[in-house]
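Asks: Input: one structure, supplied below.
The values are calculated or read from the model by the stated rules, or taken from the named source; none is laboratory data. Only a predicted model underlies this, so the values are computations on that prediction, with no experimental measurement involved. Here Cβ is always computed from backbone atoms with ideal geometry, including for glycine, and neighbour counts include all displayed protein chains. Please note that ligands, DNA and RNA were not included when accessible areas were found on the heavy atoms of the full protein model with its side chains. Shrake-Rupley method; radii C 1.70, N 1.55, O 1.52, S 1.80 Å.
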Amino acid sequence: MSGAVESLRAAVERIILDPKYHDVLAVVKGARNGAVYGAKVRFPHALVMIMLFRSGTIREKLWLIFRATKTHARNLAKFATIYKATCMLLKNYGSTPGKEGPYDSFMAGLLGGYIVFGQRSRSGKISSVNQQIVVYVFARVVLALARLAVKPGYGLTGISEPNKSAAISHYAWPVFASVSWAMVMHLFHWHPAELQPSLRSSMTYIYANADTWDGLRNFVWHNK
């Protein structure tokens, strides 16, 4: 029995190590990695946020945790599949077959982003999990573009020169941090409904609920 298992394992390894199958198998592994990473990231986050801040029975909370984890894992797996498959097709059947094009990754990301994260549910709503993922990606894209804008040799003319780039890089973060917090607090105070629900819930717990108590119990031990 063990000999048959070893023979099967050796045969499978010969296939996955064969260079002619590499591009196709990269799509499969991309899907696997997307699912695993999505589950690893979402499960502990959903566990803490739902157990602490959501109302309902334990069964209802466990179902919400499972649904959020499943959605995150499935969507990252779907995006990875579409992205890797599109890159493979563009590389093999593009304008220069066998060679990666300069915009292949952009086009593959555009297609995957639209199909996986750009759709609404049948009721017309946008998935809260998808919103969180896209906002997370967008924030990091903006930061990367800001760094690239002042990078000598790559950035914008006038601000990417070494001396100016160093000065901007030094002072940019304090400005960015203070303006970000100023804007989010202003929005929370005057337009809370426009903030993402989980952010609004967290800010309500920290700032709005700090104004109300009727005894020691909900001043120290409990929030409400």
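Asks: Looking at Val184, Val129, Val150 in this structure, which one is of a type outside the set (Lys, Arg) and modelled with pLDDT of 95 or more?
Replies: Val184
Asks: Have a look at Ala85, Ala139, Ala108 and point out the one that is of a type outside the set (Val, Ile, Thr), touching a Leu at 6+ places or on another chain (Cβ under 8 Å) and either open to solvent by 60 Å² or more (accessible area, probe 1.4 Å) or under 28 Å from Arg32 (Cβ atoms) (or both).
Replies: Going through Ala85, Ala139, Ala108 in turn, just one is of a type outside the set (Val, Ile, Thr), touching a Leu at 6+ places or on another chain (Cβ under 8 Å) and either open to solvent by 60 Å² or more (accessible area, probe 1.4 Å) or under 28 Å from Arg32 (Cβ atoms) (or both): Ala108.
Asks: I've got another one for you. Taking Leu47, is it surrounded by fewer than 19 Cβ atoms within 10 Å (Cβ to Cβ) and assigned to a helix (DSSP H, G or I)?
Replies: Judged against the criteria, Leu47 is a match.
Asks: If you check Leu156, Leu143, which single one turns out to be closer than 30 Å to Ala73 by Cβ and of a type in the set (A, V, I, L, M)?
Replies: Only one candidate qualifies: Leu143.
Asks: Return the residue satisfying two criteria in turn: it lies in region 199-224 and is more than 28 Å from Met183 (Cα to Cα) and in a helix (DSSP H, G or I), and of such residues it is least open to solvent (accessible area, probe 1.4 Å).
Replies: By that ranking, first place goes to Asn218.
Asks: Separate question: Is one or more of the residues making up region 116-126 free of Cβ contacts under 8 Å to residues at least 40 places away in the same chain and part of a helix (DSSP H, G or I)?
Replies: Checking region 116-126: not a single residue is free of Cβ contacts under 8 Å to residues at least 40 places away in the same chain and part of a helix (DSSP H, G or I).
Asks: From (1) surrounded by 15 or more Cβ atoms within 10 Å (Cβ to Cβ); (2) touching a residue at least 24 places away in the same chain (Cβ under 8 Å); (3) closer than 20 Å to Ser198 by Cβ; (4) not charged (D, E, K, R), pick out the condition that doesn't hold for Val134.
Replies: Failed condition: (2).
Asks: Also: Return the total of residues in region 186-198 being assigned to a helix (DSSP H, G or I) and either in contact with a helix residue (DSSP H, G or I) (Cβ under 8 Å, 6 or more places away or on another chain) or over 30 Å from Arg147 (Cβ atoms) (or both).
Replies: Of the residues in region 186-198, 9 are assigned to a helix (DSSP H, G or I) and either in contact with a helix residue (DSSP H, G or I) (Cβ under 8 Å, 6 or more places away or on another chain) or over 30 Å from Arg147 (Cβ atoms) (or both).
Asks: What tally of residues in region 5-44 results from selecting those that are exposed (fewer than 14 other Cβ atoms within 10 Å of the Cβ) and farther than 30 Å from Gly98 by Cβ?
Replies: Qualifying residue count for the region: 9.
Asks: Six or more apart or on different chains, Cβ under 6 Å: which pairs go from a residue in region 165-192 that's surrounded by 10 or more Cβ atoms within 10 Å (Cβ to Cβ) to one that's part of a helix (DSSP H, G or I)? Could you list them?
Replies: Partner pairs satisfying both residue conditions: Phe188/Met203; Pro192/Arg200.
Residue-by-condition table, conditions (1) without any contact (Cβ under 8 Å) to a residue 60 or more places away in the chain; (2) outside any helix (DSSP H, G or I); (3) among the β-branched types (Val, Ile, Thr); (4) on the phi > 0 side of the Ramachandran plot:
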residue	(1), (2), (3), (4)
Val24	no, no, yes, no
Val28	yes, no, yes, no
Phe43	yes, no, no, no
Met51	yes, no, no, no
Gly56	yes, yes, no, yes
Leu62	yes, no, no, no
